[in-house]
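To keep things clear, I will list the structure first and then write my remarks on it.
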Amino acid sequence: MPKSDTDARTDAACTTAGIYRSDCADQERVTLAVGDGFPKCPSCRKAVGWNLVVAT
Ligand SMILES: [Zn+2]
């Protein structure tokens, strides 16, 4: 079964600092630190999933 890397969603707390990409069509990127809350997508303003791109 393929591993999903969508492990974060809007309003969840960030547990791995890094750059995340939204899983909506916008593919927005945000940089978060541990303890930050995942935002809504800045473009479509919906609650979205965030995929870790690069851990920092
Ligand atoms: Zn979006």
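The values are calculated or read from the model by the stated rules, or taken from the named source; none is laboratory data. For clarity, every value in this text was computed on a predicted model and none was experimentally measured. Using ideal geometry, Cβ is built from the backbone for each residue, glycine included, and neighbour counts are taken over all protein chains shown.
Selection over the range 13-30 of residues that are touching a residue at least 24 places away in the same chain (Cβ under 8 Å) and surrounded by 13 or more Cβ atoms within 10 Å (Cβ to Cβ) gives a count of 11. Of the residues making up the range 1-50, those that are at pLDDT 95 or above, assigned to a strand (DSSP E or B), of a type in the set (S, T, N, Q) and more than 10 Å from the ligand (Cβ to nearest atom) number 1.
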